[in-house]
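Trainee: One structure is given below, represented as structure tokens, and several questions about it will come after.
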Amino acid sequence: MAERRERRQMLSLVLENLSKVYNRRQVFAGVNLALEGGQSLAVTGRNGSGKTTLLRIICGFIRPTTGGVKIAEGGRTLGPDERRRQLGLVAPDLALYDELTALENLQFFARVRGLRVPERELVELIESTGLAGRAEDLVSSFSSGMKQRLKYAFALLHKPGILLLDEPTSNLDEAGIALVDRIVSRQKRDGILILATNEAREVQYGDQVLRLGV
């Protein structure tokens, strides 16, 4: 555990002159920042300012119009496959499979990531997000808050060094918000945290704040 934490703290993330244009509309431009293990960033701004877009660029889901994203470990720049192994994401548009159980969803995502995780560990992960006794239930029976909890289990499945949260406490009750508080605290200690939000309480998760559209 200590070795894994040390490796995460050797991570760095650099955004170099990022910009994104959609249909000739400039979403954002000139985004430059650097984060190291143990640091966190809150991205905020009006609707349409590009908060979600920026997170998706960092994840490699979409390309920036200009600039680039560099993730390094111990000073060594990581390739695409290594980068994906370092990234975990919770987002409103993250798809879960309603026709599968919570456990089957995690088993599927583990296979996609090339992970071999014992069923017992997957069940424990599901339970750790407040879904005790629901691992064998179809996701179609879950409330929006329960699905949000399962998204956290998915994001933490591979113990990411960089955790990205888009609207972190969306649909969660007080107990769910307390769960996010614990996850955020652990990630800020062990790795890099980036979140996109307009909620004042969630902005406080970030040690640094990036305001888009200003």
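The values are calculated or read from the model by the stated rules, or taken from the named source; none is laboratory data. In this text, all values refer to a predicted model and were calculated from it rather than measured experimentally. FYI the Cβ positions are ideal-geometry reconstructions off the backbone, even for glycines, and counts take in every protein chain you see.
Trainee: Sort through Asp190, Asp137, Asp173 and tell me the only one that's under 21 Å from Arg83 (Cβ atoms), in contact with a helix residue (DSSP H, G or I) (Cβ under 9 Å, 6 or more places away or on another chain) and charged (D, E, K, R). Give the derivation first.
Mentor: Details: Asp137 fails: under 21 Å from Arg83 (Cβ atoms); Asp173 fails: under 21 Å from Arg83 (Cβ atoms).
That would be Asp190, the only listed residue that is under 21 Å from Arg83 (Cβ atoms), in contact with a helix residue (DSSP H, G or I) (Cβ under 9 Å, 6 or more places away or on another chain) and charged (D, E, K, R).
Trainee: Restricting attention to the stretch 189-200, report how many residues are of a type outside the set (Val, Ile, Thr), under 20 Å from Gly50 (Cα atoms) and touching a residue at least 24 places away in the same chain (Cβ under 8 Å). It would help to see each step written out before you state the result.
Mentor: Quick first cut of the stretch 189-200, residues of a type outside the set (Val, Ile, Thr) only: 189-191, 193, 195-196, 198-200.
Checking which are under 20 Å from Gly50 (Cα atoms) leaves us with 193, 195-196, 198-200.
Pick out the ones that are also touching a residue at least 24 places away in the same chain (Cβ under 8 Å) and you get 193, 195-196, 198-199.
Here the count works out to 5.
Trainee: Name the one entry in Arg56, Arg111, Arg63, Arg84 that is part of a helix (DSSP H, G or I), touching a strand residue (DSSP E or B) at 6+ places or on another chain (Cβ under 9 Å) and either over 20 Å from Asp207 (Cβ atoms) or among the aliphatic types (A, V, I, L, M) (or both).
Mentor: Working: Arg111 fails: touching a strand residue (DSSP E or B) at 6+ places or on another chain (Cβ under 9 Å); Arg63 fails: part of a helix (DSSP H, G or I); Arg84 fails: touching a strand residue (DSSP E or B) at 6+ places or on another chain (Cβ under 9 Å).
After ruling out the rest, the residue left standing is Arg56.
Trainee: Something else now. So is Ala42 small (Gly, Ala, Ser), surrounded by 18 or more Cβ atoms within 10 Å (Cβ to Cβ), outside any loop (DSSP other than H, G, I, E, B) and touching a residue at least 12 places away in the same chain (Cβ under 8 Å) or not? Show your work before the answer.
Mentor: Numbers: small (Gly, Ala, Ser): yes; surrounded by 18 or more Cβ atoms within 10 Å (Cβ to Cβ): yes; outside any loop (DSSP other than H, G, I, E, B): yes; touching a residue at least 12 places away in the same chain (Cβ under 8 Å): yes.
Spelling it out, Ala42 is indeed small (Gly, Ala, Ser), surrounded by 18 or more Cβ atoms within 10 Å (Cβ to Cβ), outside any loop (DSSP other than H, G, I, E, B) and touching a residue at least 12 places away in the same chain (Cβ under 8 Å).
Trainee: Further, regarding this structure: Out of Thr129, Thr101, which single residue is surrounded by 18 or more Cβ atoms within 10 Å (Cβ to Cβ) and more than 24 Å from Pro168 (Cβ to Cβ)? Give the derivation first.
Mentor: On the way: Thr129 fails: more than 24 Å from Pro168 (Cβ to Cβ).
Sole residue among the options that is surrounded by 18 or more Cβ atoms within 10 Å (Cβ to Cβ) and more than 24 Å from Pro168 (Cβ to Cβ): Thr101.
Trainee: Restricting attention to the stretch 193-214, and to residues there that are in contact with a helix residue (DSSP H, G or I) (Cβ under 8 Å, 6 or more places away or on another chain) and of a type in the set (Val, Ile, Thr), which single residue is farthest from Leu33 (Cα to Cα)?
Mentor: Thr197
Trainee: Looking only at the stretch 89-121, which residues are in contact (Cβ under 8 Å) with a residue 24 or more places away in the chain and aliphatic (A, V, I, L, M)?
Mentor: The answer is Leu89, Val90, Ala91, Leu94, Leu96, Leu100, Ala102, Leu103, Leu106, Ala110, Leu115, Val117.
Trainee: Still on this model: Answer yes if at least one residue in the stretch 166-181 is farther than 23 Å from Tyr97 by Cα, among the β-branched types (Val, Ile, Thr) and more than 13 Å from the chain's Cα centre (by Cα), and no otherwise.
Mentor: yes
Trainee: Does Lys20 satisfy being charged (D, E, K, R), touching a helix residue (DSSP H, G or I) at 6+ places or on another chain (Cβ under 7 Å) and either part of a strand (DSSP E or B) or at pLDDT below 95 (or both)?
Mentor: On the way: charged (D, E, K, R): yes; touching a helix residue (DSSP H, G or I) at 6+ places or on another chain (Cβ under 7 Å): yes; either part of a strand (DSSP E or B) or at pLDDT below 95 (or both): yes.
Yes; evaluated as a whole, the condition is true for this residue.
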